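Report on one structure; see the data block that follows.
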Amino acid sequence: MGAWSVEPFGNDVAADWAWELEDESDWSVVDEALADALEDSEEIDRDTAVIAVAAAEVVAHGLGHATQRDAYTEEVESFITRAGRPTPDTRDLAVAALNAACGSGSELTAAWTGDPGWGEAIEQIRAALIT
């Protein structure tokens, strides 16, 4: 995974996944990405976790609490315009998926161990989801 920042869309996997939102007009693609992180949360692979973090950020955008706004999130903003606000169930799914993606059994967590900026970015997303 090529990463250039600790932000949710600051890596190749998440930036590529954002294009899946391009023609979508409902939350199903986001719900699926979040649910994938919960399928095997004890040993979640890095790409699944990265996509779950990005999907959680999409939910934060939909709630009006984005933690990242830049060229990498333009497609997210377009998606929100089409899909509207996420349901409470999607918000709850995002919280659970973020916890799984960033838990002790996650390859993503292991990869970012020692970088306090990553942990802070995750906490910002978590706070955005529960605000």
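All but one of (1) modelled with pLDDT of 90 or more; (2) not in a loop (DSSP other than H, G, I, E, B) hold for GLY64; which doesn't?
Unmet for GLY64, out of (1) modelled with pLDDT of 90 or more; (2) not in a loop (DSSP other than H, G, I, E, B): (2).
Being in contact with a strand residue (DSSP E or B) (Cβ under 7 Å, 6 or more places away or on another chain), of a type in the set (A, V, I, L, M, F, W, C) and not in a loop (DSSP other than H, G, I, E, B) narrows it down to one of VAL59, VAL50, so name that one.
Working: VAL59 fails: in contact with a strand residue (DSSP E or B) (Cβ under 7 Å, 6 or more places away or on another chain).
Going through VAL59, VAL50 in turn, just one is in contact with a strand residue (DSSP E or B) (Cβ under 7 Å, 6 or more places away or on another chain), of a type in the set (A, V, I, L, M, F, W, C) and not in a loop (DSSP other than H, G, I, E, B): VAL50.
Check GLU75, GLU32, GLU123, GLU57 and return the single one that is surrounded by 15 or more Cβ atoms within 10 Å (Cβ to Cβ), acidic (Asp, Glu), at pLDDT 95 or above and farther than 18 Å from GLY2 by Cα. Before you say what the answer is, go through the steps one by one.
Working: GLU75 fails: at pLDDT 95 or above; GLU32 fails: surrounded by 15 or more Cβ atoms within 10 Å (Cβ to Cβ); GLU123 fails: surrounded by 15 or more Cβ atoms within 10 Å (Cβ to Cβ).
Selected residue: GLU57, the only one of GLU75, GLU32, GLU123, GLU57 that is surrounded by 15 or more Cβ atoms within 10 Å (Cβ to Cβ), acidic (Asp, Glu), at pLDDT 95 or above and farther than 18 Å from GLY2 by Cα.
To keep it simple, each residue is scored yes or no on (1) surrounded by 13 or more Cβ atoms within 10 Å (Cβ to Cβ); (2) within 22 Å of ALA96 (Cα to Cα); (3) β-branched (Val, Ile, Thr).
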site	(1), (2), (3)
GLY10	yes, yes, no
ALA18	yes, yes, no
ILE44	yes, yes, yes
ALA71	no, no, no
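Under 19 Å from ASP12 (Cβ atoms) and either of a type in the set (A, V, I, L, M) or within 14 Å of the chain's Cα centre (by Cα) (or both), is that true of ALA101? If you could, list the steps in order and put the result at the bottom.
Working: under 19 Å from ASP12 (Cβ atoms): yes; either of a type in the set (A, V, I, L, M) or within 14 Å of the chain's Cα centre (by Cα) (or both): yes.
So ALA101 passes the test.
The values are calculated or read from the model by the stated rules, or taken from the named source; none is laboratory data. This is a predicted model, so every value here is computed, not measured. Neighbour counts run over all protein chains shown; Cβ positions are idealised from the backbone, glycine included.
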